[in-house]
């Protein structure tokens with residue numbers, strides 16, 4: 001079972017640059033911080049060699065996808081701002097199911113520390129390469145060739161509020177350090193513990209499953225404001241800057257957004273996936289259940 005909510009770090013914790021960052025031997029502390037705030041970072045979980053290998057393997061898969069050398073299941077236009085697929089055919093922001101293509105990503109998924117942390121905050125959990133997009137490589141650069149450079153305010157559960165797969169914890173392996181130069185994550189600490197407005201229907205009219213609202217220390221505190229639809233400033237939001245190789249975890253109910261890079265020549269790459277504690281979707285429901293609710 002997930003742990004009881006600890007003291008409210010989001011209110012009383014220091015705001016140092018490494019606030020929310022923990023070492024591989026501090027899983028308990030990271031889990032407590034995560035439960036209170038909705039995110040936590042493990043630093044040092046991957047070696048420099050592993051990060052380099054993962055980056056190279058994902059970049060190779062990205063080139064192979066554009067060259068037409070990979071199965072079509074590794075590409076997607078659902079996650080990007082490219083309705084007809086023209087730009088995606090020339091430059092791949094995403095390679096989905098990249099764990100099938102990268103031995104280093106596959107090895108990371110078997111990490112005991114990863115398993116321990118997810119079990120600590122989510123309880124019994126599952127992930128499957130057959131579900132939705134599997135593990136994903138993302139290249140979020142701002143150049144004209146790119147179809148993805150930023151994303152507006154959202155919570156992950158909004159991509160499938162009609163599904164009973166929740167609650168969920170997402171992980172992000174940062175292959176590049178982040179900054180205003182190449183973009184960064186914006187989060188609202190503690191927002192994962194806010195209630196979804198009654199009658200638990202999102203902007204797309206989909207009903208949130210009853211069981212998905214009680215886990216991970218969610219205390220159903222009414223939100224102090226409505227989630228913005230695009231990129232507006234949110235009271236109490238903070239910027240999360242990552243170092244190369246950091247593994248960031250965030251709750252599926254956490255309000256978050258990704259800022260666009262300020263340099264057109266910059267690159268921001270990462271590997272991302274999710275663990276779920278609800279009911280598996282099944283092999284025939286990977287893509288058509290995705291609700292593209294966040295602004296690009």
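Return the residues of region 159-173 that are over 11 Å from the mean Cα position of the chain (by Cα) and either closer than 25 Å to residue 53 by Cα or modelled with pLDDT under 85 (or both); say none if nothing qualifies. Those that are over 11 Å from the mean Cα position of the chain (by Cα) and either closer than 25 Å to residue 53 by Cα or modelled with pLDDT under 85 (or both): 159, 160, 161, 162, 163, 164, 165, 166.
Only one of the listed residues (263, 214, 274) is surrounded by fewer than 17 Cβ atoms within 10 Å (Cβ to Cβ), at pLDDT below 95 and within 21 Å of residue 33 (Cβ to Cβ). That residue is 214. Quick test of your reading of the structure: residue 35 fulfils all but one of (1) surrounded by 21 or more Cβ atoms within 10 Å (Cβ to Cβ); (2) modelled with pLDDT under 85. Name the failing condition by number. Tallying (1) surrounded by 21 or more Cβ atoms within 10 Å (Cβ to Cβ); (2) modelled with pLDDT under 85, residue 35 fails exactly one: (2).
Closer than 22 Å to residue 182 by Cβ and at pLDDT below 90, is that true of residue 89? Against the criterion (closer than 22 Å to residue 182 by Cβ and at pLDDT below 90), residue 89 does not qualify. Taking (1) farther than 30 Å from residue 44 by Cα; (2) modelled with pLDDT under 90; (3) in contact with a strand residue (DSSP E or B) (Cβ under 8 Å, 6 or more places away or on another chain); (4) surrounded by fewer than 22 Cβ atoms within 10 Å (Cβ to Cβ) in turn, residue 194 satisfies each apart from (4).
Taking region 58-71 as the range and being under 23 Å from the mean Cα position of the chain (by Cα) and either modelled with pLDDT under 60 or within 18 Å of residue 133 (Cα to Cα) (or both) as the test, the residues that pass are 58, 59, 61, 62, 65.
If I ask for residues that are under 26 Å from residue 165 (Cα atoms) and surrounded by fewer than 16 Cβ atoms within 10 Å (Cβ to Cβ), which ones from region 229-253 would you list? 229, 230, listed by residue number. Within region 18-29, residues that are on the phi > 0 side of the Ramachandran plot and surrounded by 15 or more Cβ atoms within 10 Å (Cβ to Cβ) sit with their Cβ atoms under 7 Å from residues that are at pLDDT 95 or above and outside any helix (DSSP H, G or I), at 6+ positions apart or across chains, in these pairs: 20/39; 20/40; 20/41.
The values are calculated or read from the model by the stated rules, or taken from the named source; none is laboratory data. This one's a predicted model, so the numbers in the text were calculated from it and none came from an experiment. No Cβ is skipped: glycine too gets one built from the backbone with ideal geometry, and neighbour counts run over all protein chains shown.
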